[in-house]
Amino acid sequence: MARSFGQILVDLGYIDDEQLDLLREEQNQRPNDLIGQIAIGMGMISDDQLAQALAEQFGLQVVAISDLTIPPETLQLMTEPMAKLYRVIPLNLRSDPNGGEILTIATAEPQNISVIDELRNFLGYQIRLVVSTQKEIEVALERYYATDEGDSVESIIAGMENDAEFQKALEESESGDIDITSAEALAESAPVRKLLNMVFLLGIKDHASDLHFEPFEDEFKIRIKADGTLYEMVPPPRHLASAITTRIKVLANLDIAEKRLPQDGRIRLMVAGNPIDFRVSVLPTMFGESVVCRILDKSVISLDLNNVGMSQDLIARFREVIELPNGIILVTGPTGSGKTTTLYAALSELNVITEKLMTTEDPVEYDIDGIIQMPIDAEIGNTFAQCLRSILRQDPDKILVGEIRDRETAQIAVQASLTGHLVFSTLHTNDAPSTITRLKDMGIPEFLITATLQAILAQRLVRRVCKECRTEIKPSEEQLAELGLTPQDVVGKHFYQGAGCAACNNTGYKGRTAIHEFLTVNEEIRDIILRNGSVAEMRDAAMRNGMITLRDAGMSKVFEGVTTIEEVVRETVLDA
């Protein structure tokens, strides 16, 4: 039977049985803390003793990093973001007698065994762990990886240019003399792996939503989309386009020989214990294949209605609606406005053992325990309409349809709500009142709309002012005029903007929040729909019943210091 870590401390003579009992009592009060860290905090053991005990537990060697001379080429195998993310130091690289190479890495946390698999996937080497103290790791990170992170991609590209073997392989690739096996070998080479790992980790670190790899006639661009805005990275040489694209296709299990047709795939990675999916789209263009990777990071997305930017009053009203036994609830807005996240947050709240929840999505972005999720595959006839028909035979209570795209899907959603189901879905419309016009255009009769539609939530995302460099400003009359305001209207109000700092990449913004327009379909709205009233008439009625427009919701966020005038003007229109 394996010894507990506390017993190892006793066996090594670092603590006695009485101290072990005290440690266990303390750990019962702090179940999320490791017993070794508790022992250090209580002054029972030192950092060196903790390292020795961890090495004993996992059968590893203890290494004093300060006594070693680490070759620069070994340090260059791991980028700064990766070393700091995993809190590890590469020590040496040697050949494996069975073929391949073994990279020895020092860590203060050998209990995180997933690190071995993750680093093996990222770096392409077998990994051997040794144990060091937390203090030694911190000092080494500061000593060896104290460079500016912004130069990392640049230095990797410079290293590629100086790698004679890699340049020779590239020249063969450009000459057309290379076969598929050699192309895959080039994509698997250390320089390409290192560059792509760097881009992936920077994207994850910046909470980016997408990575764009774009070939043009004379250049190859890499751009990161964070907070809804694209930022260009240092562009790699044009002739690296094929190798980088092939590497992504290998990771996504796509056909590297097929360069004429679009392809879609998925890359699944574990980064610091968090599962992260990259949804990959490859598109042939005039100058090569354009690749976009959508980053789906569960650790960033909070599937909680309290965290989607709603006011407390709106959350209370929205919760009332999603608890209804039947009907249709629509969330509207352009692509990338957070509609799916809001719906997932609603479903997570409704996800109880007594209810059966089912979704049909294109594609399924986040898997949620307890909810049955069905992906769309139009190529084999698995459309939203077909999936929705099948779902209804599975006796669900609440259904999420990823998007109502056509009349057939809309009609089935209506029928589902009439037969006692609560249906959630999305539409692409500019605001809440115009959604009803969109349903009419799809061929849904007015009497069915009034019988089934319960509420519409229109949503937009605006960037948050960076908290690190936020400064108060006085808006100009021109800025106020864009919001339909005069200086007299904002007496006593405060306005902020970000000056730009390292935390926000000098943009003045960090993160995003949502603004909402919530229309509940009451008797007055139903009467307007039945007599085919105008959108303006519907909007006036909704506002009389408490609807706050997107523009007004945005202005509230401005006055709270959450966002800026420019962001609200960009994402909303002034109501007529």
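The values are calculated or read from the model by the stated rules, or taken from the named source; none is laboratory data. Everything numeric in this text was worked out from a predicted model, so none of it was measured. Ideal geometry is used to build each Cβ from the backbone, glycine not excepted, and the neighbour counts take in all protein chains shown. With ligands, DNA and RNA removed, areas are computed over all heavy atoms of the protein, side chains included. Shrake-Rupley method; radii C 1.70, N 1.55, O 1.52, S 1.80 Å.
Results, tabulated for the structure shown:
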| read-out | value |
| --- | --- |
| Strands (runs of 3 or more DSSP E) lying entirely in the stretch 317-389 (those with 3 or more residues that are of a type in the set (Val, Ile, Thr) and either surrounded by fewer than 16 Cβ atoms within 10 Å (Cβ to Cβ) or touching a residue at least 60 places away in the same chain (Cβ under 8 Å) (or both)) | 327-332 |
| Residue list for the stretch 113-136, filter: acidic (Asp, Glu) and either assigned to a loop (DSSP other than H, G, I, E, B) or within 20 Å of Leu68 (Cβ to Cβ) (or both) | Glu136 |
| Filter result for Ile256 (part of a strand (DSSP E or B), in contact with a helix residue (DSSP H, G or I) (Cβ under 6 Å, 6 or more places away or on another chain) and open to solvent by less than 30 Å² (accessible area, probe 1.4 Å)) | no |
| Residue check for Met270: surrounded by fewer than 17 Cβ atoms within 10 Å (Cβ to Cβ) and touching a residue at least 24 places away in the same chain (Cβ under 8 Å) | yes |
| Test: residue in the stretch 251-266 that is without any contact (Cβ under 8 Å) to a residue 24 or more places away in the chain, under 30 Å from Ile113 (Cα atoms) and within 15 Å of the chain's Cα centre (by Cα) | yes |
| Single match in Glu56, Glu73 (criterion: surrounded by fewer than 16 Cβ atoms within 10 Å (Cβ to Cβ) and closer than 30 Å to Arg94 by Cα) | Glu73 |
| Of residues in the stretch 459-500 being among the hydrophobic types (A, V, I, L, M, F, W, C) and surrounded by fewer than 16 Cβ atoms within 10 Å (Cβ to Cβ), the one nearest to the chain's Cα centre (by Cα) | Ala499 |
| Given (1) outside any helix (DSSP H, G or I); (2) under 22 Å from His494 (Cβ atoms); (3) open to solvent by 30 Å² or more (accessible area, probe 1.4 Å), index of the condition Arg570 fails | (1) |
| Residue within the stretch 452-462 that is out of contact with any strand residue (DSSP E or B) (no Cβ under 7 Å at 6 or more places or on another chain) and either at pLDDT 85 or above or closer than 25 Å to Ala542 by Cα (or both) present | no |
| Met547 in contact with a strand residue (DSSP E or B) (Cβ under 7 Å, 6 or more places away or on another chain) and over 17 Å from Arg463 (Cβ atoms) | yes |
| Subset of the stretch 1-53 [over 22 Å from Ile113 (Cα atoms), over 39 Å from the mean Cα position of the chain (by Cα) and either open to solvent by 50 Å² or more (accessible area, probe 1.4 Å) or of a type in the set (Ser, Thr, Tyr) (or both)] | Asp11, Leu12, Gly13, Tyr14, Asp16, Asp17, Glu18, Gln19, Asp21, Leu22, Gly43 |
